[in-house]
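Engineer: First, the structure itself, so that you have it in front of you.
The values are calculated or read from the model by the stated rules, or taken from the named source; none is laboratory data. Small disclaimer: the values here were computed from a predicted structure and weren't measured. No Cβ is skipped: glycine too gets one built from the backbone with ideal geometry, and neighbour counts run over all protein chains shown.
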């Protein structure tokens, strides 16, 4: 917060720690992600495929378990996008995040729901709704890429972003 | 059983209200309301407040406003969410016949916190929160998907801002009172494509209060009661990827139910004025469609027609709306207060002549997750 002229301030900083349970489906999701597999959960009643996996199908009000998890394609279709062009405090680090950066909302092949993720494209004129996209794994990137990691760790940064596929790659 | 709004009070909306705590803001409007109605705190049967813990920076944040709203050693409860839902809670208390009068108050000092971080905390911390999604970037995604699907132009979206800003000029409570042009909107800095700085609302501080009463008490307190005629709420999926993002389906369902209760068959004809919570320019176009003011995908054409302007068939947001005063979490109750002002003929320069039936739309959550539609009628 910017200090206003003549304003009296009391400042302090407090950590507010949590140890959130992520649930069995998310554990399985990250375990499989480490093996380069992207998992969704399929409703045993209506067959709707949730990606990311969820524990309940809201349409049927039916539970989904790790046994209902199915591997999905790393490729999909672009449903929407935006390019963030304002200063933002990174919730992971508390530091300012460099901008601009791209967000996409896409439907992986086999999924019925959409996934939101970063995209390495930052020019909004380059996106085309309906085009093909692909999840990128961190160890496939050039070694000098900021998101490169030599191995998968089973966390969200195993897939640092979604990339737009060029026509000749489809 | 009937429930009436017998009086409303609002603060001026502005950012950085550093001379008042949020408790003092609530006191300002409640005291104003008491004086207006010639009542004291003893005439208030129960108190309902609406606010958000993360914005206030305290848990069970209603506990911190008890002095200001007059609920110490009194029946009190609270909605953690938009003020429109607080109105519903208060109306239910009157309809239960347990209380003759219920005070409902909603406040926010959203300019005091980092709204991007506060809204980011809506998202689950496993799959989404680390992405940094917030109210602006998720609005960018929704606007992009809606506008692409239906061929809505950035100019059409900008017209919403121009209209609401023009209306705000007539509202003494409005935060931003500066007329702008479509060109100003289009040339403002791009924040989250296709949304530019002026497609998005400011961050405003303020409070709003109203007194609800049963029929018998209402007659003693006012000559111009405003009656609740229809109500419905409907919530969409939590996870954005589980919604279609191009249509406000939950709002559509809520509107249908509220219209049915109020006996509204043709909203354009039957409703004289609408106050809606539009969180970004194109959002208001999506709201037109969901409320049945026009067909699906026709929001752009509908703003072009001018029918939602002050002289149109269905003026939307004569107050200037959220794009002019964004008191996040109080916005819905402000919509109700503005409709009440319209139906009692007290809306001053923003008055819609002869307004008899009004609609208020409040929402909370990211991209219209929780939706509350209220239909009011004057005597």
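Engineer: Name the residue, out of B:269, B:260, B:296, that is more than 14 Å from chain A (Cβ to nearest Cβ), over 20 Å from residue B:229 (Cα atoms) and surrounded by fewer than 17 Cβ atoms within 10 Å (Cβ to Cβ). Spell out how you get there, then give the answer.
Structural biologist: Working: B:269 fails: over 20 Å from residue B:229 (Cα atoms); B:260 fails: over 20 Å from residue B:229 (Cα atoms).
The match here is B:296.
Engineer: Have a look at A:98, A:52, A:87 and point out the one that is closer than 28 Å to residue A:146 by Cα and out of contact with any strand residue (DSSP E or B) (no Cβ under 8 Å at 6 or more places or on another chain). Steps first, please.
Structural biologist: Details: A:52 fails: out of contact with any strand residue (DSSP E or B) (no Cβ under 8 Å at 6 or more places or on another chain); A:87 fails: out of contact with any strand residue (DSSP E or B) (no Cβ under 8 Å at 6 or more places or on another chain).
Testing whether each residue is closer than 28 Å to residue A:146 by Cα and out of contact with any strand residue (DSSP E or B) (no Cβ under 8 Å at 6 or more places or on another chain) leaves just A:98.
Engineer: For region B:192-211: of the residues being in contact with a strand residue (DSSP E or B) (Cβ under 6 Å, 6 or more places away or on another chain) and more than 12 Å from chain A (Cβ to nearest Cβ), which is nearest to residue B:14 (Cα to Cα)? Let's see the steps before the verdict.
Structural biologist: Initially, region B:192-211 is screened for residues in contact with a strand residue (DSSP E or B) (Cβ under 6 Å, 6 or more places away or on another chain), giving B:192-193, B:196-197, B:205, B:207-211.
Pick out the ones that are also more than 12 Å from chain A (Cβ to nearest Cβ) and you get B:205, B:207-211.
Working: B:205: 5, B:207: 11, B:208: 13, B:209: 17, B:210: 20, B:211: 24 Å.
Once the filter is applied, the top-ranked residue is B:205.
Engineer: Now, a different point. If residue B:112 passes every condition in (1) within 12 Å of chain A (Cβ to nearest Cβ); (2) within 15 Å of residue B:201 (Cβ to Cβ) but one, which one does it miss?
Structural biologist: Looking at each condition in turn, residue B:112 falls short on (2).
Engineer: Here is a further query. Is it the case that some residue within region A:69-78 is buried (at least 16 other Cβ atoms within 10 Å of the Cβ) and within 11 Å of chain B (Cβ to nearest Cβ)?
Structural biologist: There is at least one residue in region A:69-78 that is buried (at least 16 other Cβ atoms within 10 Å of the Cβ) and within 11 Å of chain B (Cβ to nearest Cβ).
Let's see how each residue does on (1) outside any loop (DSSP other than H, G, I, E, B); (2) within 14 Å of chain A (Cβ to nearest Cβ):
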position	(1), (2)
B:12	no, no
B:19	no, yes
B:28	yes, no
B:33	yes, no
B:72	no, no
B:106	yes, no
B:116	yes, yes
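Engineer: On to the next question. Taking region B:178-189 only, how many residues are part of a loop (DSSP other than H, G, I, E, B) and either modelled with pLDDT of 95 or more or within 14 Å of chain A (Cβ to nearest Cβ) (or both)? Quick ask: steps written out before the conclusion?
Structural biologist: Step one: filter region B:178-189 for residues part of a loop (DSSP other than H, G, I, E, B), giving B:178-181, B:188-189.
Add one more test, that the residue is either modelled with pLDDT of 95 or more or within 14 Å of chain A (Cβ to nearest Cβ) (or both), and what stays is B:180-181, B:188-189.
Residues flagged as part of a loop (DSSP other than H, G, I, E, B) and either modelled with pLDDT of 95 or more or within 14 Å of chain A (Cβ to nearest Cβ) (or both) within region B:178-189 amount to 4.
Engineer: From A:48, A:28, A:42, grab the single residue that is in contact with a helix residue (DSSP H, G or I) (Cβ under 7 Å, 6 or more places away or on another chain), within 13 Å of chain B (Cβ to nearest Cβ) and surrounded by 15 or more Cβ atoms within 10 Å (Cβ to Cβ). Walk me through how you get there before you give the answer.
Structural biologist: On the way: A:48 fails: in contact with a helix residue (DSSP H, G or I) (Cβ under 7 Å, 6 or more places away or on another chain); A:42 fails: within 13 Å of chain B (Cβ to nearest Cβ).
So the residue among A:48, A:28, A:42 that is in contact with a helix residue (DSSP H, G or I) (Cβ under 7 Å, 6 or more places away or on another chain), within 13 Å of chain B (Cβ to nearest Cβ) and surrounded by 15 or more Cβ atoms within 10 Å (Cβ to Cβ) is A:28.
Engineer: If you go through region B:347-379, how many residues are part of a loop (DSSP other than H, G, I, E, B) and either in contact (Cβ under 8 Å) with a residue 24 or more places away in the chain or in contact with a helix residue (DSSP H, G or I) (Cβ under 8 Å, 6 or more places away or on another chain) (or both)?
Structural biologist: Taking region B:347-379 as the starting set, the residues that turn out to be part of a loop (DSSP other than H, G, I, E, B) are B:347, B:351-356, B:365-369, B:378-379.
If we keep only those that are either in contact (Cβ under 8 Å) with a residue 24 or more places away in the chain or in contact with a helix residue (DSSP H, G or I) (Cβ under 8 Å, 6 or more places away or on another chain) (or both) as well, we get B:347, B:351-352, B:354-356, B:365-369, B:378-379.
Counting residues in region B:347-379 that are part of a loop (DSSP other than H, G, I, E, B) and either in contact (Cβ under 8 Å) with a residue 24 or more places away in the chain or in contact with a helix residue (DSSP H, G or I) (Cβ under 8 Å, 6 or more places away or on another chain) (or both) gives 13.
Engineer: Could you figure out which of (1) touching a residue at least 40 places away in the same chain (Cβ under 8 Å); (2) surrounded by 22 or more Cβ atoms within 10 Å (Cβ to Cβ) isn't true of residue B:120?
Structural biologist: (1)
Engineer: Residue check, residue B:66 against (1) more than 14 Å from every other protein chain (Cβ to nearest Cβ); (2) touching a strand residue (DSSP E or B) at 6+ places or on another chain (Cβ under 6 Å); (3) surrounded by 17 or more Cβ atoms within 10 Å (Cβ to Cβ); (4) in a helix (DSSP H, G or I), all met but one. Which one?
Structural biologist: (2)
Engineer: Could you give me the residue pairs with C-beta distances under 8 Å whose first residue belongs to region B:31-57 and is free of Cβ contacts under 8 Å to residues at least 12 places away in the same chain, whose second residue is surrounded by 20 or more Cβ atoms within 10 Å (Cβ to Cβ) wherever it lies, and which are 6+ apart or on separate chains?
Structural biologist: If the second residue must be surrounded by 20 or more Cβ atoms within 10 Å (Cβ to Cβ), the pairs left are B:40/B:34.
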